[in-house]
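The values are calculated or read from the model by the stated rules, or taken from the named source; none is laboratory data. In this text the structure is predicted, and so the values were computed from the model without any measurement. Positions of Cβ are backbone-derived with ideal geometry, glycine not excepted, and every protein chain shown enters the neighbour counts. Heads up: the accessible areas ignore ligands, DNA and RNA and are worked out on the full protein's heavy atoms, side chains in. Shrake-Rupley method; radii C 1.70, N 1.55, O 1.52, S 1.80 Å.
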Amino acid sequence: MRLDLSGKAVLITGAASGIGLACAQAFLAEGARVGVLDRVRPPSLPGEVVAARADVTDEGQVAAAVELVAESFGGLDVVVGCAGVSGPVGRPLAETSAADFAAVMSVNVLGQFLVAKHARPWLGDGSSIVFLASDSAFVCAPGMVPYCASKGAVVSLTRALSVEFAGVRVNCVCPSVVDTPMARGDLGDLLDEPGFPVQAAEEVAQQVVYLASARARTVNGQALLADFGVSARSGFPA
Ligand SMILES: NC(=O)c1ccc[n+]([C@@H]2O[C@H](COP(=O)([O-])OP(=O)(O)OC[C@H]3O[C@@H](n4cnc5c(N)ncnc54)[C@H](O)[C@@H]3O)[C@@H](O)[C@H]2O)c1
């Protein structure tokens, strides 16, 4: 499929690692120009790349980083919001503090809001935003209340912005477990168990690239749940 992303100006948050890094590589492979925004220094990438250091929870830093990338490229065609944290995993609610909850919501929800807010003036008709939500927006494991709540909010943020932003499509992808430093840190060797359904960051990046492209012109305000069909199964005993 021809995605026609050559020369497009793309801003990716969380691009120093995992899914964000795979997205940066996928857009560069399509010939796009890529702004990599992260709170840490990203690895060097081949192609037309602008690096911008920012914490997505800090509005001043986000505004400056978005402006740096958008001015370098003369505007933006695509924004991909990957920056995220998992927060407490496997911790009962009684041991989850208000600060734990606020920290996860701040990066995963406020961060996406701030990037969209400051990118909007640079996005023209036909442009696109893709957020990383998660299957945790729809199905939940115990001990991950802040993360699940935050990803549900990202799905609603996606729908709200798709209505708010005329001419800019806004979608999100909702993968199940992806083999990245985040998942390795939380789940360790469980990722290597035979039969445990794990996907690669590159597979998620391909979904993001498609949704960002004009081939997905009619797709707006949607959440793409990619979980090997796990959530499709009912409790019916058959
Ligand atoms: N790995 C999974 O299993 C999985 C599954 C579904 C969704 N996701 C989502 O995908 C996204 C990427 O996750 P990943 O697995 O690649 O994680 P990762 O830890 O490998 O990468 C996350 C990146 O975000 C950056 N980041 C974190 N907080 C930031 C902040 N405040 N400001 C700027 N940058 C910040 C980190 O520096 C890092 O480069 C996240 O939103 C995550 O919730 C991950």
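Summary table below
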| quantity | calculated |
| --- | --- |
| Whole-Hz ³J(HN,Hα) from phi, Karplus 6.51 cos²θ - 1.76 cosθ + 1.60, for region 175-192, glycine and proline x | x, 6, 4, 10, 6, 9, x, 4, 5, 4, x, 7, 10, x, 5, 3, 4, 8 |
| Area accessible to solvent at E95, 1.4 Å probe radius, in Å² | 120 Å² |
| Where region 9-225 is the region considered: accessible area per residue in Å², 1.4 Å probe | 43 Å² |
| For region 220-225, 3J(HN,Hα) per residue [Karplus equation, 6.51 cos²θ - 1.76 cosθ + 1.60, θ = phi - 60°, Hz, x = Gly/Pro] | 8, x, 10, 10, 8, 8 |
| Point-to-point label distance, A166-S6, nm (Cα→Cβ direction, 7 Å offset) | 3.4 nm |
| Taking all pairs of distinct alpha-carbon atoms in the chain, Kirkwood radius in angstrom | 17.9 Å |
| Relative contact order (percent, whole number), the chain, Cα cutoff 8 Å, 6+ residue spacing | 20 percent |
| For L224, distant residues with modelled amide H under 5 Å away | C172, V173, C174 |
| Protein accessible area in the chain, 1.4 Å probe - carbon and sulfur % | 55 percent |
| Estimated FRET transfer efficiency (L191, F138; beta-carbon r; R0 22 Å; 0.05) | 0.60 |
| Percent antiparallel among DSSP beta bridges (both partners in the chain, rounded to 5) | 0 percent |
| Most to least accessible of M105, M1, M182 (protein chains only, probe 1.4 Å) | M1, M182, M105 |
